[in-house]
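K.L.:
Starting off with a structure, shown below.
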Amino acid sequence: MLKRLITLITLCFLYLASSAQTIDNAAVLARKQVPILCYHQIRNWRASDKLVDKDYIIPPETFKAHMKMLADSGYHTILPDELYDYLTKGTPLPDKPVMLTFDDTDGDQYEVARPELMKYGFKGVYFIIFNNINKNHHYMTRQQIRQLSEEGNVIACHTLTHANFKKIQGTHWEAEIDVPKKKLEILTGKPVNYFAFPYGVWNSQGLPQLHKRGFLAAFQLSEKRDPNDAIMTIRRVLDCGYWTTATLDYNIKHDFRSRPVKTKPTLVDSSNNSLKTSKK
Ligand SMILES: [Zn+2]
């Protein structure tokens with residue numbers, strides 16, 4: 001009996017040792033940032049739209065011009081798995097990589113963005129607010145999301161109700177994050193490994209929850225990355241509705257430059273999905 005117990009403990013130890021993985025934050029931050037663009041509504045402006053809303057509402061003709069500019073300039077879209085391997089292991093990316101991300105489950109991302117992306121062989125990442133699916137005619141259906149996934153795009157998590165990440169606590173972690181993650185996995189038949197913070201809002205204290213819940217990386221907007229958890233605070237910029245193609249081109253080139261920062265490595269123990277930051 002004792003012998004069996006010792007063997008079991010040894011096996012557990014070996015398993016833990018082999019599955020522990022360290023993310024070198026200094027290395028992640030030192031790598032050239034990949035431009036990541038963020039979209040919400042793709043529709044013509046209405047008289048009631050305020051200037052601030054136009055950060056989030058890009059007219060279809062502007063969106064089309066921006067996609068054409070990216071294609072004509074030789075950009076290649078990449079997906080989160082490629083970005084993760086590049087940031088954590090240095091796996092090479094295609095020339096002029098860019099990532100296109102779409103938040104909030106808006107139906108025009110399917111109606112307008114999908115055909116434009118297909119025209120150029122581009123793929124996108126769709127961060128789904130689970131409760132918006134089938135909510136009304138402004139939002140995507142389950143079938144549309146499944147189709148986007150089957151066509152090679154990535155379906156990712158943007159909480160159940162667009163909850164403010166800083167305010168999630170207790171049982172809400174499960175309700176806002178675990179439940180929609182699992183439901184999206186059932187809907188697409190694929191793992192959901194990526195997360196975007198609603199409103200781009202995050203705090204360092206909450207980041208271990210994302211590791212614990214099995215996410216590989218998370219995306220914010222354009223705040224500085226967390227030096228001790230860079231992979232969970234990847235930056236994106238809003239491609240604003242009033243940007244010209246020249247503005248977009250400029251921001252792609254200038255908004256994603258790396259700046260030196262002090263870091264500590266993040267120890268991700270994938271065996272039990274717990275995370276520790278080394279104290280040193
Ligand atoms: Zn959102």
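K.L.:
Hey, could you check the range 159-186 for residues that are assigned to a helix (DSSP H, G or I) and either of a type in the set (A, V, I, L, M, F, W, C) or modelled with pLDDT under 95 (or both) and say which is farthest from THR233 (Cα to Cα)?
P.N.:
Across the range 159-186, the extreme among qualifying residues is ILE186.
K.L.:
I need every pair where a residue in the range 188-210 that is within 22 Å of ARG142 (Cα to Cα) has its Cβ under 8 Å from the Cβ of a residue that is in a loop (DSSP other than H, G, I, E, B) and more than 13 Å from the ligand (Cβ to nearest atom), sequence separation at least 6 or different chains.
P.N.:
Correct list of pairs: ASN193/GLY214; ASN193/PHE215; ASN193/LEU216; TYR194/PHE215; TYR194/LEU216; PHE195/PHE215.
K.L.:
Report, by residue number, each residue of the range 221-260 that is under 14 Å from the mean Cα position of the chain (by Cα) and of a type in the set (Val, Ile, Thr).
P.N.:
ILE231, THR233, ILE234, VAL237 - these are the residues of the range 221-260 that are under 14 Å from the mean Cα position of the chain (by Cα) and of a type in the set (Val, Ile, Thr).
K.L.:
Another question about this same structure. Do we find that LYS167 is of a type in the set (Lys, Arg) and either surrounded by fewer than 17 Cβ atoms within 10 Å (Cβ to Cβ) or without any contact (Cβ under 8 Å) to a residue 12 or more places away in the chain (or both) in this structure?
P.N.:
yes
K.L.:
Report, by residue number, each residue of the range 174-192 that is touching a Ser or Thr at 6+ places or on another chain (Cβ under 6 Å) and within 16 Å of the ligand (Cβ to nearest atom).
P.N.:
Result: GLU176, single match.
K.L.:
Restricting to the range 243-272, count the residues that are at pLDDT 95 or above, surrounded by fewer than 15 Cβ atoms within 10 Å (Cβ to Cβ) and touching a Ser or Thr at 6+ places or on another chain (Cβ under 8 Å).
P.N.:
0
K.L.:
Also, I was wondering about something else. Just to be sure before I move on: is PHE215 more than 16 Å from the ligand (Cβ to nearest atom), aromatic (Phe, Trp, Tyr) and either without any contact (Cβ under 8 Å) to a residue 24 or more places away in the chain or surrounded by 19 or more Cβ atoms within 10 Å (Cβ to Cβ) (or both) in the structure I sent?
P.N.:
It is true that PHE215 is more than 16 Å from the ligand (Cβ to nearest atom), aromatic (Phe, Trp, Tyr) and either without any contact (Cβ under 8 Å) to a residue 24 or more places away in the chain or surrounded by 19 or more Cβ atoms within 10 Å (Cβ to Cβ) (or both).
K.L.:
Check LEU83, LEU100, LEU79 and return the single one that is touching a helix residue (DSSP H, G or I) at 6+ places or on another chain (Cβ under 8 Å), within 30 Å of PRO180 (Cα to Cα) and aliphatic (A, V, I, L, M).
P.N.:
None of the other options fit; the residue is LEU100.
K.L.:
I would also like to ask the following. Check PHE195 against each of (1) in a helix (DSSP H, G or I); (2) surrounded by 17 or more Cβ atoms within 10 Å (Cβ to Cβ); (3) within 16 Å of the ligand (Cβ to nearest atom); (4) not small (Gly, Ala, Ser) and name the one condition it does not meet.
P.N.:
(1)
K.L.:
When you look at THR245, is it farther than 21 Å from VAL125 by Cβ and more than 16 Å from the ligand (Cβ to nearest atom), yes or no?
P.N.:
In short, yes.
K.L.:
Something else now. Is there a residue in the range 34-51 that is closer than 29 Å to ASN136 by Cβ, among the charged types (D, E, K, R) and surrounded by 15 or more Cβ atoms within 10 Å (Cβ to Cβ)?
P.N.:
yes
K.L.:
Identify, please: which residue in the range 105-150 is of a type in the set (Lys, Arg) and assigned to a loop (DSSP other than H, G, I, E, B) and is, among those, surrounded by the fewest Cβ atoms within 10 Å (Cβ to Cβ)?
P.N.:
LYS135
K.L.:
Still on this model: Yes or no: VAL179 touching a residue at least 40 places away in the same chain (Cβ under 8 Å) and β-branched (Val, Ile, Thr)?
P.N.:
Considered against the rule, which asks whether it is touching a residue at least 40 places away in the same chain (Cβ under 8 Å) and β-branched (Val, Ile, Thr), VAL179 comes out as yes.
K.L.:
Another question about this same structure. Under the condition of being in a helix (DSSP H, G or I) and among the polar types (S, T, N, Q), which residue from the range 62-104 is nearest to the ligand (Cβ to nearest atom)?
P.N.:
Top of the filtered list is THR62.
K.L.:
Is at least one residue of the range 150-170 more than 15 Å from the chain's Cα centre (by Cα), within 19 Å of LEU216 (Cβ to Cβ) and away from the ligand (no atom under 16 Å from the Cβ)?
P.N.:
The answer is yes, given that some residue of the range 150-170 is more than 15 Å from the chain's Cα centre (by Cα), within 19 Å of LEU216 (Cβ to Cβ) and away from the ligand (no atom under 16 Å from the Cβ).
K.L.:
Now, a different point. Among what's in the range 28-61 and is in a loop (DSSP other than H, G, I, E, B) and of a type in the set (Ser, Thr, Tyr), pick the residue that is nearest to PHE127 (Cα to Cα).
P.N.:
Per the criteria, the residue is TYR56.
The values are calculated or read from the model by the stated rules, or taken from the named source; none is laboratory data. Just so we're clear, the structure is a prediction, and the values are computed from it rather than from any experiment. Don't worry about glycine lacking a Cβ; one is built from the backbone with ideal geometry, like all the others, and counts go over all protein chains shown.
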